[in-house]
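Shown next, in structure tokens, is the structure this report addresses.
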Amino acid sequence: SDVQLDVITIFPDYLAPLDLSLIGKARRDGLIDLRVHDLREFTHDRHRTVDDTPYGGGAGMVMKPQPWSEALDHIAVGAQSRPILIVPAPSGQRFDQATARELADAAHLVFACGRYEGIDERVYEYADRDYDVRILSLGDYVLNGGEVAVLAMVEAIARLIPGVIGNAESLVEESHEDGLLEYPVYTKPAQWQGLSVPEVLLSGDHGRIAAWRHQQRLERTADRRPDLLPAAAATQSAELEIRL
Ligand code: SAM
């Protein structure tokens, strides 16, 4: 396989959707080798305990370091190259399209799904020996566990791996690739429920269509995500300079 992905979780079933659709096909085609590991397999007590009370007090439970170190060792032993360890956490750096692009170039990614109040902090230091550790957040809100974040990250990363998406061109024009949001899209019929497709799209005039789409992207970005505009302007003026 081109890319190896390992996921460590106490809920392996949560990752079942990665058998479906384009990611599932990429796995069957051998483009992605994705393995899900049950953290409880690395416990040694009868109750297969993965959590304990926090030092210093406070609410909730913390994931014990020992099952994590054993799971990480188990994966690192067979690794061909130094893997990247991705730990989803609301306290991490923001995961975005640029992060997905960067990670899509890696040969081996390992995802550690936290639960409860998170993982004992020493695990990150321990993992430094064998992994490049990245703490990444999906956004400024709190989920119950890392699994949903990993589903989102794996999907965003895997679709950028060459061969996973049949039509690579469809990736270039998307939202967040050059800082502007994508233009609105329509399909047949041209009239539906009294609503019509913008006339320009039926004109066959490629120049007008491109100009209209660019204008729509600017308006949509200004309307929905004005925070993106300064970065988009910088990208566009850099592109312009390259063309000049
Ligand atoms: N006590 C932690 C804090 O305040 O930072 C929150 C723990 S949260 C209830 C449990 C787990 O869900 C985290 O360890 C992480 O794996 C995952 N998680 C929650 N929100 C996330 C987010 N926005 N991005 C990525 N992972 C998240």
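The values are calculated or read from the model by the stated rules, or taken from the named source; none is laboratory data. Predicted model only: the values in this text are computed from it and were never measured. Reconstructed Cβ throughout: ideal geometry from the backbone, glycine too, with neighbour counts over all protein chains shown.
Could you list all residues from the range 129-147 that are part of a strand (DSSP E or B) and either more than 15 Å from the chain's Cα centre (by Cα) or of a type in the set (A, V, I, L, M) (or both)? If the condition is that a residue be part of a strand (DSSP E or B) and either more than 15 Å from the chain's Cα centre (by Cα) or of a type in the set (A, V, I, L, M) (or both), then ASP132, VAL133, ILE135, LEU136 are the ones that fit. Based on what the data block shows, is ALA238 in a helix (DSSP H, G or I), out of contact with any helix residue (DSSP H, G or I) (no Cβ under 8 Å at 6 or more places or on another chain) and touching a residue at least 40 places away in the same chain (Cβ under 8 Å)? No, not satisfied.
Quick one: which of ILE209, ILE157 is within 16 Å of the ligand (Cβ to nearest atom), surrounded by 16 or more Cβ atoms within 10 Å (Cβ to Cβ) and either part of a loop (DSSP other than H, G, I, E, B) or not basic (Lys, Arg) (or both)?
On the way: ILE209 fails: within 16 Å of the ligand (Cβ to nearest atom).
Only one candidate passes the filter, namely ILE157.
The one condition from (1) over 20 Å from LEU39 (Cα atoms); (2) at pLDDT 95 or above; (3) not in a loop (DSSP other than H, G, I, E, B) that VAL123 does not meet is (1).
When the range 89-118 is limited to residues that are farther than 23 Å from GLU177 by Cβ and in a strand (DSSP E or B), the one that is farthest from the ligand (Cβ to nearest atom) turns out to be HIS108.
When residues in the range 126-137 are screened for being within 20 Å of ASP38 (Cα to Cα) and either in contact (Cβ under 8 Å) with a residue 60 or more places away in the chain or within 8 Å of the ligand (Cβ to nearest atom) (or both), 1 of them pass.
Candidates LEU34, LEU15: the one that is assigned to a strand (DSSP E or B), within 15 Å of the chain's Cα centre (by Cα) and either modelled with pLDDT of 95 or more or among the acidic types (Asp, Glu) (or both) is LEU34.
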